[in-house]
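The values are calculated or read from the model by the stated rules, or taken from the named source; none is laboratory data. What you are looking at is a predicted structure, and each value in this text was computed from that prediction instead of being measured. Here Cβ is always computed from backbone atoms with ideal geometry, including for glycine, and neighbour counts include all displayed protein chains.
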Amino acid sequence: MAERQQPSFFNVDTEPVRRDLLAWFAANRRDLPWRRRRSLYGTWISEMMLQQTTIATVVPYWERFLARFPDVETLAAASESEVLSHWSGLGYYRRARQLHAAARLVMIEMGGVLPADTEGWRRLPGVGPYAAGAIASIGLGLPEPAVDANVRRVLGRWLGAVDLTPAREQAMIADFARNLVPPRDPGTWNEALMELGALVCSPRPAPPSSRRPWPGSPPRWPGTWRAIRPSTRCPQKISGPPAASGMRSPVSAFMSPPWRFACPRRP
């Protein structure tokens with residue numbers, strides 16, 4: 001039996017999507033301490049803390065943790081009990097133990113220098129594919145995707161994947177995410193996708209519409225993809241005038257008039 005041909009979702013111009021989403025992010029991004037005080041070490045700590053924990057909870061912990069452990073050398077030199085005491089209240093204490101073990105590994109095996117590529121970050125305890133991509137793109141400027149639950153939801157609804165095993169759907173979304181990452185400022189792009197999923201494209205379903213994600217996109221992928229149904233209204237909408245946001249006519253999967261990002265709904 002011949003293998004089913006998979007859809008090619010890379011034959012469209014994604015530049016308008018990037019431009020619109022980045023313009024929205026520039027106007028609506030949340031003011032977070034690890035964005036104000038950008039560093040590779042600070043990005044790593046924020047990603048470890050944000051696993052299964054809300055941003056509102058993490059912010060004060062991140063600030064206190066960085067004040068006590070401002071660099072990897074200080075963190076590695078601390079006792080595990082002290083690290084755990086500064087983590088107390090965040091839960092999932094295995095993350096703190098892995099973070100401490102990773103800091104010691106950096107000092108012992110890497111000469112105290114944090115990894116300079118994704119593969120190096122994957123070697124550290126507690127750093128999985130998503131965290132490695134986020135740290136590499138945001139902290140190092142490397143063109144790596146960062147597919148967390150928010151991004152997976154945005155891209156899955158954008159693509160409209162159905163009739164797929166979870167593993168196959170995840171693989172397709174990962175491929176799509178990798179092809180969307182721009183070579184310039186990939187960290188901002190990844191943060192924008194995450195922000196869209198967190199603030200607008202919520203897990204709660206939104207009413208469907210028949211609008212396609214961009215002009216000329218096929219209404220149906222044979223075999224594995226159905227018509228893409230972006231919503232006309234979202235559980236939350238973040239809007240602003242064109243002059244303030246820099247947006248022009250809405251052309252991406254996330255836009256609906258007037259000058260407003262909308263969340264695609266999974267069929």
In region 46-73, anything in contact with a helix residue (DSSP H, G or I) (Cβ under 9 Å, 6 or more places away or on another chain), more than 18 Å from residue 139 (Cβ to Cβ) and among the polar types (S, T, N, Q) is listed as 52, 53, 57
Among (1) touching a Cys at 6+ places or on another chain (Cβ under 9 Å); (2) outside any helix (DSSP H, G or I), residue 112 falls short only on (1)
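Conditions (1) in a loop (DSSP other than H, G, I, E, B); (2) at pLDDT below 95; (3) out of contact with any helix residue (DSSP H, G or I) (no Cβ under 6 Å at 6 or more places or on another chain), marked per residue:
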site: 91; (1), (2), (3): yes, yes, yes
site: 98; (1), (2), (3): no, no, yes
site: 138; (1), (2), (3): no, no, no
site: 172; (1), (2), (3): no, yes, yes
Considering region 11-59, residues that are under 16 Å from the mean Cα position of the chain (by Cα) and of a type in the set (S, T, N, Q), and then whichever is nearest to residue 199 (Cα to Cα), we arrive at 28
Check: Can you spot a residue in region 142-153 that is farther than 20 Å from residue 171 by Cβ and surrounded by fewer than 23 Cβ atoms within 10 Å (Cβ to Cβ)?
Finding: yes
> Has region 6-13 got any residue that is at pLDDT 95 or above, outside any helix (DSSP H, G or I) and of a type in the set (Phe, Trp, Tyr)?
Replying inline: no
Restricting region 68-85 to residues that are surrounded by fewer than 19 Cβ atoms within 10 Å (Cβ to Cβ) and within 26 Å of the chain's Cα centre (by Cα), the one farthest from residue 102 (Cα to Cα) turns out to be 70
Flagged in region 117-127 as surrounded by 14 or more Cβ atoms within 10 Å (Cβ to Cβ) and closer than 16 Å to residue 141 by Cα, in numbering order, are 118, 120, 121
